[in-house]
Amino acid sequence: MTISFNNTFKSSKIKKFLNSDNTVGYCFASPFIIGFLGFVVIPMLVSLYFSFTKYNIRTSPKWIGLDNFIRMFTADRRFYKSLWVTFKYVIIAVPLKLAFALVIAFILTKKTKLESVFRAIYYLPSLIGGSVAVTLVWKELFSSTGFINTFLSKIGITGLSWFGDERLALWPLILLTVWQFGSSMLIFAAGLKQIPVTYYEAAQIDGAGSVKIFFNITLPQLSPIILFNLVMQVISGFMTFTQSYIISGGSGRPNDSTNFFALYIYNNAFSYFDMGYASAMAWVLLIIIAVITLTIFKTSKTWVFYEYKED
């Protein structure tokens, strides 16, 4: 009798557990949870361990403490060069990309019958812009006999070696990034459509010009969207890899002028087989992105406008 009661009690508890909303939620979320643990959390913890070891993939890791970090900050000039190139790239490319995306969003939010068609056309660069094939096309466009130099020669500008001159090598990569404005543009366009028309009508009645309306109404109302796009593009910029790898052949030439931080991490891990050092660099990159993102959020209090509706 006691055994039967215990079995019934356990069975009812199991049924209650299986029928609870939390259990159902965890079951639906389990593919993401398993994937997040298996492909993000565990690899991050393993790389953190590797960052304190001497590990060249072919042999077992050997604990060396902080030697990788000391070497990075005191003996590796290429580390500082790759860091400078990446910062320069992000500082120039991200504002240009966001400004260009905002301008196109303004154009596409005007009422036309072909609005959806134009939006799809403008979004295409973001769908294909990061691919290897398009990067190769971009490389040909900026080659010594490519379309860009041919066009410039017709207006008297000759002798430009885009990928041979370290002063110019970064600019084609920046322009390629700016060309991939589609995702930011769509987010800006969605934000522009959420701004109440009554604000613009009231400003026009008061005699405000288009410039004043833009800076006093459009930008403040759009500032949360700008914050989101800025954070996402900064993170993406620091992780840029494919374009430089394809165009420079993985070397970051000329003279490391296109040797992005992510590319340098890759080369240390899979070209020089110094996985421990590459893991240490990856954690430094994570800290840099975290600090910059936190700084953007902290400073956003002074320039991001949130409109709260009262009930």
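The values are calculated or read from the model by the stated rules, or taken from the named source; none is laboratory data. Note that the structure is predicted; figures quoted are calculated from it, not measured. Don't worry about glycine lacking a Cβ; one is built from the backbone with ideal geometry, like all the others, and counts go over all protein chains shown. We work out accessible area using only protein heavy atoms, side chains counted, and drop any ligands, DNA or RNA first. Shrake-Rupley method; radii C 1.70, N 1.55, O 1.52, S 1.80 Å.
Tabulated results
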quantity	calculated
Segment 167-235: trypsin sites (Lys or Arg not before Pro) in DSSP loop, at most 14 other beta carbons within 10 Å	ARG167
Farthest toward positive dipole pole in the chain [+1 Lys/Arg, -1 Asp/Glu at C-beta], among ILE107, ALA282, ILE205	ALA282
Per-residue HN-Hα couplings for segment 271-279 [Karplus 6.51, -1.76, 1.60; θ = phi - 60°; Hz; x = Gly/Pro]	9, 9, 6, 10, 5, x, 5, 5, 5
14 Å beta-carbon shell around ILE70, net charge (K/R +1, D/E -1)	0
Length released on extending from TYR200 to VAL137, taking residue separation times 0.36 nm less the Cα-Cα span	18.4 nm
Cβ-based net charge around SER244, under 15 Å, with every Lys or Arg adding one and every Asp or Glu removing one	+3
Gain upon complete extension [ILE213, LEU152; 0.36 nm per residue less C-alpha separation]	18.1 nm
Mean separation of Cα contacts under 8 Å, 6 or more apart, over the residue count of the chain: relative contact order %	27
Cα-only Debye scattering, segment 52-108: base-10 log of I(q)/I(0) at q = 0.13, 0.17, 0.21 Å⁻¹	-0.59, -0.72, -0.85
Kirkwood Rh, angstrom, segment 122-213 [1 / mean 1/r, Cα pairs]	16.5
Above-threshold pairs, the threshold being 31 Å between Cα atoms, out of LYS111/LYS301; LYS111/LYS298; LYS88/LYS301; LYS139/LYS298; LYS81/LYS154; LYS111/LYS154	LYS111/LYS301; LYS111/LYS298; LYS139/LYS298; LYS81/LYS154; LYS111/LYS154
Share of carbon and sulfur in the accessible heavy-atom surface of segment 159-268 [1.4 Å probe, %]	63
Relative contact order of segment 130-208, pairs being alpha-carbon contacts under 8 Å that are 6 or more residues apart, as %	19
Neighbour count of at most 16 Cβ within 10 Å plus DSSP loop: longest GluC sites (Glu not before Pro)-free window in the chain	1-165
Separation of the ALA190 and ALA99 label points, Cα + 7 Å toward Cβ, nm	2.6
Mean separation of Cα contacts under 8 Å (6+ apart) over length of segment 200-262, as relative contact order %	21
Nonlocal amide H pairs with THR53, under 5 Å, H built at 1.01 Å	ILE64
Calculated log10 I(q)/I(0) by the Debye sum over Cα atoms at q = 0.07, 0.12, 0.16 Å⁻¹ (choose from (1) -0.29, -0.83, -1.37; (2) -0.34, -0.85, -1.24; (3) -0.44, -1.02, -1.34), label	(3)
Estimated inter-spin distance, THR74 and PHE228, nm [label 7 Å along Cα→Cβ]	4.6
